[in-house]
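**Q** Please see the structure below; I have some questions.
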Amino acid sequence: MSRTIVVTGGATGIGRAVAERFVAGGDEVVITGRRPAVLEKAAADLRVRAVVCDGTHPAQVERLVAELPARIDVLVNNAGGNTDFAQADPDGDLGRLKQNWLANLEANVLTAVLTTTALAPRLADGGAVIHLGSIAAAKGAGSYGASKAALATFNLDVAAELGPRGITSNVVAPGFTAETEYFQGLLSDSRRETLLQATLTKREGVPIDIAETVWFLASPGARHLTAQVLHVNGGALATR
Ligand SMILES: NC(=O)c1ccc[n+]([C@@H]2O[C@H](COP(=O)([O-])OP(=O)(O)OC[C@H]3O[C@@H](n4cnc5c(N)ncnc54)[C@H](OP(=O)(O)O)[C@@H]3O)[C@@H](O)[C@H]2O)c1
C-alpha cells in the first residue's frame, strides 16, 4: 500500500532528496516551503504535491493541515537552516543578538513543534516522525547548534507521546552536506576543505546519504528504533 509522506522544506537540498527517495519507493509525497516558484518547480520535477507553508507561522501550518489527506504515514521535519547566515553580526547589541537567536529557534525548533503538533492526530499508527538535526548540536555553532539541540530534546517528547501508537520519532543529524542551499553561497573553499578533512571517509556528504537514513527510519526494519539521534557525517563526529 502506498504511504503518504510529508517533507517540510522539500524543494531543495536534503528535503528534496528525501522526497525523491520516498517517491522511488512508491509513496505519495507532499513537500512544503516558503517560495512558491521553487516549490512548484520541484513538485513538477519530482511529481509530488506541493503546499506553500512557512512552518514558523501557526496559521499557515493550520492551512497546510487542511490541505493534507486524513492519514499521514511519515512526517519529515526537514525545514530549517542557520538563519545567522542572513543576519548582521549583533556586534554587542543585545537586542539584535536576541532577534538572531529567536530566528534560529523559530526556523529549527518551532517549525517542527508546530507541524508535529498539528499533524499528530493524523499520523497513522505504526508511522514515523523524523527531524533533521545537525552535527552542530554536539559541536556548538551558537544559536543554530542550540536550536538543533533543543530539537533533539523535543524529539524525546514526541517519541514518548506517540510511542504507544507504534509511531517512532528520531533525529537524523547530518554533518557537512554539499549540494544544498544551506550555506547560501557563503562557504569558502578553505572552510569546505576543513569540513571535508574532518571526515574519516575523506569525502563530502551529499543529500542522498541523509535521505537513505531517513527512508530507513520509516521502513518496517526500523519499528523498534525510536528516541534516538542518528549521526550521518562520515565520522566527523564519533560516538560510543
Ligand atoms: N547542508 C548541511 O550541511 C546541513 C548540515 C546539518 C543539518 N542540516 C539541516 O538539514 C535541513 C535541510 O537543509 P539543507 O541542507 O537541505 O538546506 P536547504 O537546501 O537550504 O534546505 C532547507 C529547505 O527548508 C525550507 N525552509 C526553510 N525555512 C522554512 C520555513 N520556515 N518553512 C518552510 N520551509 C522552510 C527552504 O525553502 P524556502 O526557503 O523556500 O522556505 C529549503 O527548501 C535543515 O534543517 C538544516 O539545518 C543541513
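**Q** How many of the residues making up the range 22-50 are more than 8 Å from the ligand (Cβ to nearest atom) and crowded, with 24+ Cβ neighbours inside 10 Å?
**A** The qualifying residues number 3.
**Q** In the range 121-138, which residues are more than 9 Å from the ligand (Cβ to nearest atom) and not hydrophobic (A, V, I, L, M, F, W, C)?
**A** Within the range 121-138, PRO121, ARG122, ASP125, GLY126, GLY127 meet the criteria.
**Q** Now a separate question. Could you check the range 106-164 for helices (runs of 4 or more DSSP H) lying wholly inside it with 1 or more residues that are more than 17 Å from the chain's Cα centre (by Cα) and within 24 Å of TRP215 (Cβ to Cβ)?
**A** Details: elements: 111-119, 136-139, 142-162.
Output list reads 142-162.
**Q** Here is a list: ALA37, ALA103. Which entry is assigned to a helix (DSSP H, G or I), hydrophobic (A, V, I, L, M, F, W, C), over 28 Å from GLY145 (Cα atoms) and modelled with pLDDT of 95 or more? Spell out how you get there, then give the answer.
**A** Numbers: ALA103 fails: over 28 Å from GLY145 (Cα atoms).
Of ALA37, ALA103, the one residue that is assigned to a helix (DSSP H, G or I), hydrophobic (A, V, I, L, M, F, W, C), over 28 Å from GLY145 (Cα atoms) and modelled with pLDDT of 95 or more is ALA37.
**Q** Continuing with this model, one more query. Looking only at the range 4-21, which residues are outside any strand (DSSP E or B), within 10 Å of the ligand (Cβ to nearest atom) and under 18 Å from VAL52 (Cβ atoms)? Lay out the reasoning, then the answer.
**A** In the first step, residues of the range 4-21 are kept if they are outside any strand (DSSP E or B); the result is 8-21.
Remaining after also requiring within 10 Å of the ligand (Cβ to nearest atom): 8-18.
Matches in the range 4-21: THR8, GLY9, GLY10, ALA11, THR12, GLY13, GLY15, ARG16.
**Q** Out of all the residues in the range 61-86, which are more than 17 Å from ARG122 (Cα to Cα) and either surrounded by 20 or more Cβ atoms within 10 Å (Cβ to Cβ) or not hydrophobic (A, V, I, L, M, F, W, C) (or both)? Quick ask: steps written out before the conclusion?
**A** Of the residues in the range 61-86, the ones more than 17 Å from ARG122 (Cα to Cα) are 78-86.
Scanning the range 61-86 gives ASN78, ALA79, GLY80, GLY81, ASN82, THR83, ASP84.
**Q** Could you tell me whether ASP54 is farther than 28 Å from GLU179 by Cβ, among the charged types (D, E, K, R) and either within 12 Å of the ligand (Cβ to nearest atom) or outside any helix (DSSP H, G or I) (or both)? Before the answer, list the steps.
**A** Details: farther than 28 Å from GLU179 by Cβ: no; among the charged types (D, E, K, R): yes; either within 12 Å of the ligand (Cβ to nearest atom) or outside any helix (DSSP H, G or I) (or both): yes.
Judged against the criteria, ASP54 is not a match.
**Q** Hey, another quick one. Give me the pairs: first residue in the range 185-196 and more than 20 Å from THR83 (Cα to Cα), second residue modelled with pLDDT of 95 or more and hydrophobic (A, V, I, L, M, F, W, C), beta-carbon distance under 8 Å, and six or more apart or on different chains, which are they?
**A** That search, which allows pairs on different chains as well, returns LEU196/PHE176.
**Q** Would you check which residues across the range 174-199 are surrounded by 15 or more Cβ atoms within 10 Å (Cβ to Cβ) and more than 6 Å from the ligand (Cβ to nearest atom) and list them?
**A** If the condition is that a residue be surrounded by 15 or more Cβ atoms within 10 Å (Cβ to Cβ) and more than 6 Å from the ligand (Cβ to nearest atom), then GLY175, ALA178, GLU179, PHE183, LEU195, LEU196, ALA198, THR199 are the ones that fit.
**Q** Quick check on the range 4-15. Is at least one of its residues over 19 Å from GLU106 (Cα atoms) and without any contact (Cβ under 8 Å) to a residue 60 or more places away in the chain? Give the derivation first.
**A** As a first pass, look at the range 4-15 and keep what is over 19 Å from GLU106 (Cα atoms): 4-6, 11-14.
With without any contact (Cβ under 8 Å) to a residue 60 or more places away in the chain added as a condition, the list becomes 11.
Yes, the range 4-15 contains a residue that is over 19 Å from GLU106 (Cα atoms) and without any contact (Cβ under 8 Å) to a residue 60 or more places away in the chain.
The values are calculated or read from the model by the stated rules, or taken from the named source; none is laboratory data. Quick caveat, the model's predicted, so the values are computed rather than measured. Here Cβ is always computed from backbone atoms with ideal geometry, including for glycine, and neighbour counts include all displayed protein chains.
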